[in-house]
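*Asks:* Input: one structure, supplied below.
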Amino acid sequence: MQKVYIITGLSGSGKTTTIQAFEDALFYCVDNMPIELLPRFLNLPLKENPEVKGLAVVMDMRSKNFISNYAPGICAIEDSGISVQIIFLEADVDTLLKRFSQTRRHHPVSNEKSLLDSIKLEKKLMLPVKQTAHNIIDTTGLNVHQLKSQILDLIHDGDKSISLTKINIISFGFKYGIPNEADLVMDMRFLINPYFIPELKNQDGESKAVKQFILSNNETKLFLEKYLNLLDYLIPLYKKENKAYLTFAIGCTGGRHRSVAIARSIFEHLNRKGLNPGLIHRDIARDVKQT
């Protein structure tokens, strides 16, 4: 196992969002694990799976005897030679009150007279745990996207070149409908249509002849220059927002000629930039007619 993280902190401080960020980063994640079970769990052969980057577990006041078992549990883990990073999440009292009011969840410290009393007691009880943390994150002013971004920066040691955004390019025909997963849709029906050229009609946009016909057009060249510049500007902004999937849909009438050739050009451009996009020609095989 490459890395082991313990995620803990105050109820309502963002532990669910944090564990989701670890899942996106390909960590094996477990929520609400009793700390006394962690040493045994670490002996499982998870490290034999090369796709698993590490282990992240959430443990907090939902487990009975969490406070009393925490220090002995951490000592047992360290004695076994395993190094763990502890992330402690907190927020101010007003923020925690607001979040519990919105979610209508019961506070795990529920033996107090009010929600406010429960929150204050938990802050006091969790202070010794907070003092052991390697990273303390105050989520008071953070939305879920900002918190996730901070967690991913922590996981990747601030390396901004690492991105979890999966980019896909889809060519399609408008007469078959716009792809549901599309984030940006571009209509290529302003370009001259190879369908009306007899020797090109039965070929598709992946053929050399059709690509040459479309890409040699001055309007196509100018469009690609402007559109690729737009994508080069937008993609980093989408990544900054930690968008998991980003799909560019390129359409023409039937999805066999213009959209295919343009989607291929976009794919090659993004590949040269090391973005490893996917490419799907959704409708390329539809309405294939022989003369």
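*Asks:* Would you check if there is a residue in the range 72-80 being in a strand (DSSP E or B) and among the acidic types (D, E)?
*Replies:* No.
*Asks:* Considering the range 175-232 alone, what residues qualify as being buried (at least 17 other Cβ atoms within 10 Å of the Cβ), of a type in the set (D, E) and in a helix (DSSP H, G or I)?
*Replies:* none
*Asks:* Going through D187, D94 one at a time, which residue ends up being modelled with pLDDT under 95 and either closer than 30 Å to R264 by Cα or not assigned by TED's automatic domain parsing to the domain that holds K226 (or both)? Lay out the reasoning, then the answer.
*Replies:* On the way: D187 fails: modelled with pLDDT under 95.
Result of the check over D187, D94: D94.
*Asks:* What are the pairs with Cβ atoms under 6 angstrom where one residue, in the range 101-130, is without any contact (Cβ under 8 Å) to a residue 24 or more places away in the chain and the other, located anywhere, is part of a helix (DSSP H, G or I)? Sequence gap at least six, or different chains.
*Replies:* Hits for this filter: E112/S118; E112/L121; L115/F100.
*Asks:* Have a look at A261, A244, A249 and point out the one that is more than 16 Å from L184 (Cα to Cα) and of a type in the set (A, V, I, L, M).
*Replies:* A261
*Asks:* Residue under question is G177, and the condition is that it be small (G, A, S) and modelled with pLDDT of 85 or more; does it hold?
*Replies:* Considered against the rule, which asks whether it is small (G, A, S) and modelled with pLDDT of 85 or more, G177 comes out as yes.
*Asks:* Could you pull out the residue among G173, G177 that is in the same structural domain as S265 (by TED's automatic domain parsing) and touching an Asp or Glu at 6+ places or on another chain (Cβ under 6 Å)?
*Replies:* G173
*Asks:* Right, another one. So for the range 130-150 (the condition being hydroxyl-bearing (S, T, Y), part of a helix (DSSP H, G or I) and under 33 Å from the mean Cα position of the chain (by Cα)), does at least one residue qualify?
*Replies:* yes
Residues checked against (1) touching a Gly at 6+ places or on another chain (Cβ under 9 Å); (2) within 26 Å of G141 (Cβ to Cβ); (3) crowded, with 16+ Cβ neighbours inside 10 Å; (4) not assigned by TED's automatic domain parsing to the domain that holds T139:
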{"position": "M33", "(1), (2), (3), (4)": "no, no, yes, no"}
{"position": "A56", "(1), (2), (3), (4)": "no, yes, yes, no"}
{"position": "R62", "(1), (2), (3), (4)": "no, yes, no, no"}
{"position": "D79", "(1), (2), (3), (4)": "no, no, no, no"}
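The values are calculated or read from the model by the stated rules, or taken from the named source; none is laboratory data. Please read these numbers as outputs of a predicted model, since none were measured by experiment. Please note: Cβ atoms are built from the backbone with ideal geometry, for glycine as well, and neighbour counts cover all protein chains shown.
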